[in-house]
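Some notes on the structure that comes next.
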Amino acid sequence: MLNAEINSNVLKELVEIVGTIVDEVKINLSEDGLNLKAVDPAHVAMVDLNLNKDAFESYEADETELGINLKKIEQFLKLSGAGDIIRMEHDEEENRLVMEVNNITQKMALLDTAGMTDPNVPSLDLPLSLKVKGKHVLNGVKASENISDHISITANPDGFEIFSEEDEDMVRLSLGKDELEEIDANEEVRSLFALDYFSSMVKCVSSDTILDIELGADYPIKIQFTFADGNGDVRYLLAPRIEST
Amino acid sequence: MLNAEINSNVLKELVEIVGTIVDEVKINLSEDGLNLKAVDPAHVAMVDLNLNKDAFESYEADETELGINLKKIEQFLKLSGAGDIIRMEHDEEENRLVMEVNNITQKMALLDTAGMTDPNVPSLDLPLSLKVKGKHVLNGVKASENISDHISITANPDGFEIFSEEDEDMVRLSLGKDELEEIDANEEVRSLFALDYFSSMVKCVSSDTILDIELGADYPIKIQFTFADGNGDVRYLLAPRIEST
Amino acid sequence: MLNAEINSNVLKELVEIVGTIVDEVKINLSEDGLNLKAVDPAHVAMVDLNLNKDAFESYEADETELGINLKKIEQFLKLSGAGDIIRMEHDEEENRLVMEVNNITQKMALLDTAGMTDPNVPSLDLPLSLKVKGKHVLNGVKASENISDHISITANPDGFEIFSEEDEDMVRLSLGKDELEEIDANEEVRSLFALDYFSSMVKCVSSDTILDIELGADYPIKIQFTFADGNGDVRYLLAPRIEST
């Protein structure tokens with residue numbers, strides 16, 4: 001059962017965050033809100049997202065799994081203006097999701113969730129953590145896109161760096177520890193990542209969002225942030241590329 | 001003979017309205033203004049437009065037919081800013097249309113009107129009429145574009161509905177009679193239309209324009225509205241698709 | 001040696017002006033500023049540009065030649081906001097240009113200038129000169145683009161005209177001498193030019209820039225203007241098309 005109302009801005013943010021990883025996703029509903037876990041088709045990136053029921057204008061649900069095509073939600077969202085309230089309901093008889101906004105009712109077929117298992121989110125104990133504004137990381141990503149298809153991310157007690165090079169060109173974003181919101185580091189760590197994955201993950205966050213990043217040497221990177229006024233939280237994991245040396 | 005001045009906004013609106021149906025059109029000029037009738041190449045849609053001489057800044061003409069390529073007028077309009085006054089003249093000797101704006105003079109070859117006959121606009125006596133704001137219809141059209149390539153339009157004494165479905169997905173815009181500007185209905189009627197034609201007709205009207213719609217069961221739809229501060233009026237006719245059942 | 005700071009707006013303007021002619025260019029640095037001369041691959045158009053050291057926020061250089069890929073500078077500029085200060089340095093050991101903005105450092109390989117000779121800028125003594133606002137010329141160019149791929153430019157003591165025709169269509173921008181900033185003419189001259197070259201030259205100037213134009217009959221056209229608050233000056237030369245008659 002699902003019977004809820006949500007601000008279109010919140011739903012749009014959710015769709016952007018998850019849509020960087022997958023087009024189809026299983027959403028797990030409970031009394032307290034929703035959770036979803038998804039891994040991209042190449043098994044390189046993962047998202048784990050919670051949205052508390054307080055993020056909704058009204059929310060009533062019991063334990064249910066909904067198989068959602070995010071592209072359809074994205075199209076529906078274009079029918080709403082910023083801040084419009086969207087009504088959502090699960091029509092269990094026909095197994096369709098019913099959404100309503102501005103005199104428009106759309107019914108969408110749900111996907112069969114039988115074959116959709118929740119991926120295991122590995123619990124990683126990464127040696128270094130820092131907090132940084134989204135706009136800085138986004139700047140570093142944009143700069144790297146001019147140069148190469150991968151980036152290295154380095155952090156140590158003195159700061160944080162995104163680096164990219166190809167042939168004789170290179171670009172570096174350097175943030176000293178004073179330009180970070182917080183850093184907790186005892187050593188220097190460095191990993192290499194595919195730029196397209198990393199880029200699409202950070203392009204959906206707003207410039208002022210604080211990213212909570214955890215890093216190791218040649219380990220996955222963990223990027224966490226909140227949305228929906230703190231009622232939603234996201235955890236991205238991205239596997240490292242192994243450096244050919 | 002034609003010697004007139006017109007606000008670029010009015011001419012732009014005229015070109016958009018007629019350009020959804022045809023690229024080339026015969027315009028019939030008289031002392032009192034202009035009229036044109038055009039049917040699309042597939043004979044599915046028709047436009048009948050009048051523009052009174054009061055819509056012009058200045059207007060002098062006698063009975064003349066001008067064969068116009070609307071694409072050329074559209075390009076010329078890009079040389080003018082919103083609200084610029086455009087001078088138009090018929091150079092009868094060279095059979096060219098002379099247009100002037102912002103120190104620019106363009107002379108365009110006119111089309112031979114010998115083979116361009118005015119289509120007969122059928123007089124239809126449709127059982128149901130209603131008035132609705134353009135933005136509502138536009139919203140219904142945008143929603144339907146996510147689903148299918150045709151729509152059904154239904155009206156009855158209680159309201160008005162645009163409906164579209166394909167496989168297990170469906171979308172509906174429903175307007176109760178209180179959300180309409182006016183409705184005059186004794187029965188329920190329903191017709192099916194090709195979405196692309198319907199969509200291009202309503203996409204050129206502004207959100208606040210009141211559309212005067214007449215409908216029958218499996219009959220053409222008639223959509224009327226005014227423009228140019230009431231000095232212009234438009235009538236679109238769109239043939240129904242026959243439902244395969 | 002180069003060690004300078006420049007407003008991103010000024011650097012952006014320089015890249016647009018030169019980028020209409022070439023992608024790669026040799027920049028000649030001296031104590032007083034920079035100069036560059038470039039001719040397009042088809043040898044039809046030429047640019048000669050000076051930027052005085054006063055156009056920089058800070059500037060220190062000695063006689064050096066830098067082989068620059070303008071596309072890379074263009075990409076780097078996208079990392080800066082309007083008005084950001086960009087630091088530039090020549091790393092002589094690695095022969096790379098180092099640029100910095102907003103915590104980002106980019107190092108770009110420089111091109112070998114051995115094969116890049118400065119083109120000879122012909123000294124032309126053209127019989128007619130006039131000054132006109134960029135927006136007028138831009139309007140004439142936009143109008144001509146609807147008609148043909150070449151334009152004729154005519155000037156005489158009474159004014160200035162850009163004219164284009166093809167088949168039965170024609171367009172003309174006419175400016176009387178009162179609509180020009182200045183004109184110095186004793187005779188009528190007229191030349192024909194390729195529209196694409198002429199168009200890209202004037203599209204990079206702002207509407208209020210005063211263009212100083214010199215013309216002859218079937219001679220190259222010279223277009224001069226200043227930028228960077230008068231600390232930069234540009235001279236374009238464009239060869240005429242010979243009219244087939």
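A few remarks follow.
- Hey, residue B:24 within 23 Å of residue B:205 (Cβ to Cβ) and within 13 Å of the chain's Cα centre (by Cα) or not: no
- Residue selected from the range B:172-198 under the condition within 14 Å of another protein chain (Cβ to nearest Cβ) and part of a strand (DSSP E or B), by the criterion nearest to residue A:72 (Cα to Cα): B:172
- Of everything listed in (1) of a type in the set (Asp, Glu); (2) within 14 Å of chain A (Cβ to nearest Cβ); (3) in contact with a strand residue (DSSP E or B) (Cβ under 9 Å, 6 or more places away or on another chain), the single unmet condition for residue C:149 is (2).
- Condition check for residue B:228: over 30 Å from residue B:54 (Cβ atoms), touching a residue at least 40 places away in the same chain (Cβ under 8 Å) and crowded, with 17+ Cβ neighbours inside 10 Å: no
- Filtering C:45, C:38 for residues that are closer than 21 Å to residue C:202 by Cα and touching a Leu at 6+ places or on another chain (Cβ under 6 Å) leaves a single hit, C:45.
- Odd one out for residue B:237, checked against (1) in contact with a Lys or Arg (Cβ under 7 Å, 6 or more places away or on another chain); (2) in a loop (DSSP other than H, G, I, E, B): (2)
- Which numbered condition residue B:58 misses (of (1) closer than 28 Å to residue B:115 by Cβ; (2) at pLDDT 95 or above; (3) away from every other protein chain (no Cβ under 14 Å)): (1)
- Per the listing B:152, B:148, B:123, the residue uniquely closer than 28 Å to residue B:223 by Cα, hydroxyl-bearing (Ser, Thr, Tyr) and within 18 Å of the chain's Cα centre (by Cα) is B:123.
- Pick from the range B:199-215, criterion assigned to a strand (DSSP E or B) and in contact with a Lys or Arg (Cβ under 6 Å, 6 or more places away or on another chain), ranking: nearest to residue B:234 (Cα to Cα): B:212
- Qualifying residue in the range B:81-100 (condition: under 21 Å from residue C:166 (Cα atoms), in contact with an Asp or Glu (Cβ under 6 Å, 6 or more places away or on another chain) and in contact (Cβ under 8 Å) with a residue 24 or more places away in the chain): no
- Residues located in the range A:123-163, provided they are under 17 Å from residue A:236 (Cβ atoms) and in contact with a Gly (Cβ under 6 Å, 6 or more places away or on another chain): A:126, A:162
- The single condition from (1) more than 9 Å from every other protein chain (Cβ to nearest Cβ); (2) at pLDDT below 95; (3) closer than 30 Å to residue C:144 by Cβ that residue B:122 fails is (3).
- Across the range C:89-119, the number of residues qualifying as within 11 Å of chain A (Cβ to nearest Cβ) and β-branched (Val, Ile, Thr) comes to 4.
- Residue within the range B:141-148 that is of a type outside the set (Val, Ile, Thr), assigned by TED's automatic domain parsing to the domain that holds residue B:205 and not in a helix (DSSP H, G or I) present: yes
- Of all the residues in the range B:98-133, those that are within 30 Å of residue B:212 (Cβ to Cβ) and either in contact with a His (Cβ under 8 Å, 6 or more places away or on another chain) or of a type outside the set (Ser, Thr, Tyr) (or both) number 15.
- Of the residues B:69, B:50, the single one that is away from every other protein chain (no Cβ under 14 Å) and not hydroxyl-bearing (Ser, Thr, Tyr) is B:50.
- Count of the range C:155-171 residues which are in contact (Cβ under 8 Å) with a residue 24 or more places away in the chain and either within 14 Å of another protein chain (Cβ to nearest Cβ) or not in a strand (DSSP E or B) (or both): 6
- Residue satisfying all of: in the range C:173-206; out of contact with any strand residue (DSSP E or B) (no Cβ under 7 Å at 6 or more places or on another chain) and of a type in the set (S, T, N, Q); farthest from residue C:14 (Cα to Cα) among these: C:186
- Test: residue in the range B:89-100 that is within 17 Å of residue B:23 (Cα to Cα) and touching a Ser or Thr at 6+ places or on another chain (Cβ under 9 Å): no
- Within the range B:1-35, the set of residues being within 20 Å of residue B:221 (Cβ to Cβ) and among the aliphatic types (A, V, I, L, M) comprises B:17, B:18, B:21, B:22.
- Among all positions in the range B:42-49, there is no residue which is closer than 30 Å to residue C:166 by Cα, out of contact with any helix residue (DSSP H, G or I) (no Cβ under 6 Å at 6 or more places or on another chain) and at pLDDT below 95.
The values are calculated or read from the model by the stated rules, or taken from the named source; none is laboratory data. All values derive from a computational prediction rather than experimental measurement. All Cβ positions, glycine included, derive from the backbone under ideal geometry; neighbour counts span all protein chains shown.
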